[in-house]
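A.B. asks: A single structure is presented below for examination.
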Amino acid sequence: MAVVEREKLLEVKNLKKYFPAGKKGVLQAVDGVSFDIYKGETLGLVGESGCGKSTTGRTIIRLYDATDGEVFYEGEDVHNKKSRSELKKFNRKMQMIFQDPYASLNPRMTVKDIIAEGIDIHGLAKTTKERNERVYELLETVGLNREHANRYPHEFSGGQRQRIGIARALAVDPDFIIADEPISALDVSIQAQVVNLMMELQKERGLTYLFIAHDLSMVKHISDRVGVMYLGNIVELTTSDELYEEPLHPYTQALLSAIPVPDPELERSRERIILEGDVPSPINPPSGCRFRTRCPHAMDVCAAVKPKWQEAREGHWVACHLYDEEAVKQNN
Amino acid sequence: MDKLLELENLHVSFQTYGGEVKAVRGVSFTLEKGESLAIVGESGSGKSVTSKAVMRLLPNKIGSIKEGSIRFEGKDLAKATEREMEKIRGSEISMIFQDPMTSLNPTMTIGKQIMEGLRKHQNMNKSEAKERSINLLKLVGIPNPELRVDEYPHQFSGGMRQRVVIAIALACNPKVLIADEPTTALDVTIQAQILDLMRDLQDKTGTAIILITHDLGVVANLAQRVAVMYGGMIVETGTADEIFYKPKHPYTWGLLASMPKINSDSKELLAIPGTPPDLMNPPKGCPFAARCPHAMEVCIDHMPDATDVSSTHKAACWLLDERAPKVEPPEAAVVGGAR
Ligand SMILES: Nc1ncnc2c1ncn2[C@@H]1O[C@H](COP(=O)(O)OP(=O)(O)OP(=O)(O)O)[C@@H](O)[C@H]1O
Ligand SMILES: Nc1ncnc2c1ncn2[C@@H]1O[C@H](COP(=O)(O)OP(=O)(O)O)[C@@H](O)[C@H]1O
Ligand code: SF4
Ligand code: SF4
Ligand SMILES: [Mg+2]
Ligand SMILES: [Mg+2]
């Protein structure tokens, strides 16, 4: 699958987000991540809880101020926008869908008003009739119907609420959607409904997604490319097929091998890489490679030097000394 | 075969101000000595309520066993008194819950919490109980157990807390361990550690496990037998191989087809349309009829009986009736290629 001349929609360069942590420390939630997202693709972001996936998404969309780094949207620097009108323009292009379909919808607002919020902010409907029509259309787009418009969120199931969240995001006709664990709170049978809906909408509207999840099988299914995060860093990024077939980073290898697959015979015969211990604290993360305290291949150099983010093969990025001849030499 | 636990036609209801929620509607299964049985199904299908009924931990007043029996070594727990249950809980049958933090007491040392059950059920003195606690921590893979036994839960990570919860549950060598979503709150690399531990412990101790989960991967990893629940009923039960490789019930097909398989590159997920039934007004016939692509007229009004597929495999579906049309499971539900 040769990828020719893809247009970059988003460029993230050395993005950092630190949070203050008590008297002495800072919590390095995201510590220098760089990646591009191409128009029309789905980039998946996976990793264990607390590794910085949501913070990355929230910083890109400016729910948080970045500590350092840049985000370019169609070549324009998003984070240094000053004027309100410029910011408003970006707010329209980028939307977010949240994990918790229960907490993310205002319980005192009708579905119609929830969905129309962005329409109102951006003045996208001139009359009440036009506003209603847009809402009805959006409800139908996400598989609900116009009778639902005057009801309240608590009258809906989790899957239906997530559809409302999707309709709300689509209301302002965005190009780019950050979906932060949009299906994690849903049952398997409902997860597939929402994922299928998102994939259809992408095809119809040419949407670009950043899809955040911890479920690697679902991420592989929905994404063209996948980035793997560990303790605030992206450690590997490539196409979803290559990531699964030839994971390079020891953490990705362990993560893939840890996922139980619904196939008893395979489960009985499978050799697992079981990582020891837990993810260390992001307040005083390990020096050098942050994975070294759990890495089965750690070398001396791993404690001393932070591995470079390099393209080990075409389109396959990894940060690990095992793929850096210089570093291996230095180690011996 | 040694039957350890036998549920027969269990009905459990909750009285809510909206009316009666019929959470469990005629569940029957057996658990044999030392085996592992998984109960799978989506949220609200009655998995936790079934296991809480076994432990007699249903919320007082509003939750009650309406019908049926729960035989444990010949005794009907459905009729046991609270005093009798106190002797059984935590000693003969123990339970671990989804969230390791809520099942530990934050103000008590880990050691004290493990010792509690030992002193209550096994009449151990303090030093015996402490020694056994340290051994249990070692068994579940906590490093430096002699030191950690005196620490508090907040000093432990999520994965270690779940190990402690397992240690507490195993303290009195229970015959049955009920694990309700024991790894759902954990990350996948930690889940792998805990599943490994549970398998290892089962080999060592011979404890029978009832594993409640919605994750079919976890089921394939740990369970010898599987019961699939839907709308308060068991719709299919069989050995793990039967359920994964020769499933007969359309809901089981739906479950298998709607989850992506990391080891396949099919780009199509087959979603189950609609939502589960409202157990305040459960359907008269097959609970899955409203979402089933194969539903027939008979399904709407008549509950299908559990039909034997093999000596170990049963499914409750009208498609197994000889008069029904022959239907094949969807492609996406086929596990592990041709077999
Ligand atoms: N305390 C309660 N009061 C009223 N209804 C209840 C109560 N507990 C459970 N139910 C109802 O009983 C049914 C079964 O619930 P149960 O918790 O067993 O489902 P489950 O399959 O374990 O779901 P989950 O995976 O979400 O935990 C649901 O309809 C639920 O709403
Ligand atoms: N508002 C905040 N204040 C302080 N710490 C935060 C905040 N948001 C996130 N963090 C911390 O940042 C790290 C990454 O969090 P997050 O990005 O939410 O992880 P993920 O989404 O991958 O589970 C975690 O250690 C988390 O506790
Ligand atoms: S850099 Fe070293 S410690 Fe880090 S993943 Fe590679 S081998 Fe392991
Ligand atoms: S009994 Fe009928 S509705 Fe129920 S699963 Fe079978 S075919 Fe479908
Ligand atoms: Mg998150
Ligand atoms: Mg439950």
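A.B. asks: Restricting to DSSP H runs of at least four residues, report the calculated mean residue ellipticity at 222 nm for the protein assembly as shown, -39500 (n - 2.57) per run over all residues, nearest 500 deg cm²/dmol. Write out the running numbers ahead of the final one.
C.D. replies: On the way: 23 runs with 219 residues, N = 671.
Rounded to the nearest 500, it is -9500 deg cm²/dmol.
A.B. asks: Let me ask something else. Under 8 Å for C-alpha pairs, at least 6 residues apart: give me the relative contact order for region A:8-331, rounded to a whole percent. Write out the running numbers ahead of the final one.
C.D. replies: Values: 585 pairs, mean separation 63.5, N = 324.
It rounds to 20 percent for region A:8-331.
A.B. asks: What base-10 log of the normalised intensity I(q)/I(0) is obtained for region B:110-207 from the Debye formula, alpha carbons as equal point scatterers, at q = 0.15, 0.16, 0.18 Å⁻¹?
C.D. replies: -0.56, -0.64, -0.82
A.B. asks: Still on this structure, please answer the following. Just the number: Rg to Rh for region B:3-223, Cα atoms, Kirkwood Rh, two decimals. Before the final figure, lay out each step's value.
C.D. replies: Details: Rg = 17.4 Å, Rh = 18.0 Å.
Radius of gyration relative to Kirkwood radius: 0.97.
A.B. asks: Amide H neighbours of residue B:212 under 5 Å, at least 5 residues apart or on other chains, H built in the peptide plane: list them.
C.D. replies: Here B:39, B:179, B:180, B:181 satisfy the definition.
A.B. asks: Search the structure for amide H atoms under 5 Å from the amide H of residue A:45, placed 1.01 Å from N in the peptide plane, and list their residues when 5 or more places away or on another chain.
C.D. replies: Answer set, sorted by chain and number: A:211, A:212, A:213, A:227.
A.B. asks: Under a point spin-label approximation (7 Å from Cα along Cα-to-Cβ), what is the residue A:284-residue B:147 distance to one decimal in nm?
C.D. replies: Output for this residue pair reads 1.4 nm.
A.B. asks: Wrap a convex hull around the Cα atoms of region B:246-333, take a quarter of its surface area, and give that in square nanometres. Before the final figure, lay out each step's value.
C.D. replies: Values: hull surface 27.2 nm².
Quarter of the Cα hull surface area: 6.8 nm².
A.B. asks: Going from the alpha-carbon gyration tensor of region A:10-144, what semi-axes, largest first and in whole Å, does one get by taking the root of 5 times each eigenvalue? Intermediate values should be presented prior to the final figure.
C.D. replies: Values: eigenvalues 196, 69, 48 Å².
Values for region A:10-144, descending: 31, 19, 16 Å.
A.B. asks: Which whole-number percentage describes the relative contact order of chain B, with Cα contacts under 8 Å and a sequence gap of 6 or more?
C.D. replies: Details: 627 pairs, mean separation 63.8, N = 339.
Relative contact order comes out at 19 percent.
A.B. asks: Also, I was wondering about something else. For region A:181-332, take N as its residue count and report Rg(C-alpha) divided by 2.2 N^0.38 Å.
C.D. replies: Scaled against compact globular proteins, the figure is 1.17.
A.B. asks: Which trypsin sites (Lys or Arg not before Pro) in region B:81-167 pass both tests, a DSSP loop state and at most 16 other beta-carbon atoms within 10 Å? Please report the intermediate quantities before stating the final value.
C.D. replies: Numbers: sites: B:83, B:87, B:89, B:112, B:119, B:120, B:126, B:130, B:132, B:138, B:148, B:161, B:163; in loops: none.
Nothing satisfies the criteria.
A.B. asks: In addition: Could you tell me which chymotrypsin sites (Phe, Trp or Tyr not before Pro) in region B:1-45 are loop residues by DSSP with no more than 10 other beta carbons within 10 angstrom of their beta carbon? Spell out each step's value before the answer.
C.D. replies: Details: sites: B:14, B:17, B:29; in loops: B:17.
Loop-located and lightly packed - B:17.
A.B. asks: Beyond 42 Å, what share of the Cα-Cα pairs of the protein assembly as shown is found? Please give it as a whole percent. Mind dumping the intermediate values first?
C.D. replies: Details: 69544 of 224785 pairs.
For the protein assembly as shown, the fraction of Cα-Cα distances above 42 Å is 31 percent.
A.B. asks: Within region B:58-76, what residues put their amide N at less than 20 Å from the label point 7 Å along the Cα-to-Cβ vector of residue B:83?
C.D. replies: The answer is B:75-76, whose backbone nitrogens lie closer than 20 Å to the label point.
A.B. asks: Kindly write out, for region A:187-201 in residue order, the coupling ³J(HN,Hα) from the Karplus curve 6.51 cos²θ - 1.76 cosθ + 1.60 (θ = phi - 60°), rounded to whole Hz, with x marking Gly and Pro.
C.D. replies: Once θ is set to phi - 60°, the couplings for region A:187-201 become 5, 3, 5, 7, 3, 4, 4, 5, 5, 4, 4, 4, 5, 5, 4 Hz.
A.B. asks: Could you tell me the largest-minus-smallest coordinate of the C-alpha atoms of chain A on each of the three principal axes, in descending order and whole angstroms?
C.D. replies: If we take the Cα atoms of chain A, the spans are 73, 54, 48 Å.
A.B. asks: Work out from phi, with θ = phi - 60° and the Karplus expression 6.51 cos²θ - 1.76 cosθ + 1.60, the ³J(HN,Hα) of each residue of region A:34-51, listed in order in whole Hz, and give x for Gly and Pro.
C.D. replies: Result, rounded to whole Hz: 9, 6, 10, 10, 8, 4, x, 9, 10, 9, x, 10, 10, x, 7, 5, x, 7.
A.B. asks: Taking every pair of Cα atoms in region A:84-209, average 1/r, invert it to obtain the Kirkwood radius, and report Rg/Rh to two decimals.
C.D. replies: On the way: Rg = 13.7 Å, Rh = 14.6 Å.
Computed over Cα atoms, the ratio is 0.94.
A.B. asks: Show the residues, 5+ positions off or on another chain, whose built amide H is closer than 5 Å to the amide H of residue A:96.
C.D. replies: A:178
A.B. asks: Can I ask one more? Relative to the Cα centre, what is the charge dipole magnitude of chain A, using +1 at the beta carbon of each Lys and Arg, -1 at the beta carbon of each Asp and Glu, and rounding to the nearest 20 debye? Present the calculation step by step, with values, prior to reporting the outcome.
C.D. replies: On the way: 43 positive and 50 negative charges, 288 e Å.
Dipole magnitude for chain A comes out near 1380 debye.
A.B. asks: In the Gaussian network model of chain A, springs joining C-alpha atoms below 10 Å, which of A:231, A:27, A:138 carries the largest mean-square fluctuation?
C.D. replies: Fluctuation is largest for A:27.
A.B. asks: Among the helices of chain B (complete DSSP H runs), which have Cα atoms covering no less than 20 Å along the helix axis and a Kyte-Doolittle mean of at least -1.0?
C.D. replies: B:188-205
A.B. asks: Taking Cα atoms, how many degrees apart are the long axis of helix A:128-141 and the longest axis of chain A, rounded to 10 and kept between 0 and 90?
C.D. replies: Orientation of helix A:128-141: about 50 degrees from the principal axis.
A.B. asks: Show me, for region B:306-323, the HN-Hα J-couplings you get by feeding each phi into the Karplus relation (A = 6.51, B = -1.76, C = 1.60, θ = phi - 60°), rounded to Hz, glycine and proline as x.
C.D. replies: 5, 10, 6, 9, 8, 5, 10, 10, 10, 9, 9, 8, 5, 5, 7, 6, 5, 7
The numbers here are math on the coordinates, done by the rules we state, and not lab data. Values in this document were obtained by computation on a predicted structure and should not be read as measured data. Cβ: placed from backbone, ideal geometry, glycine included. Neighbour counts: every protein chain shown.
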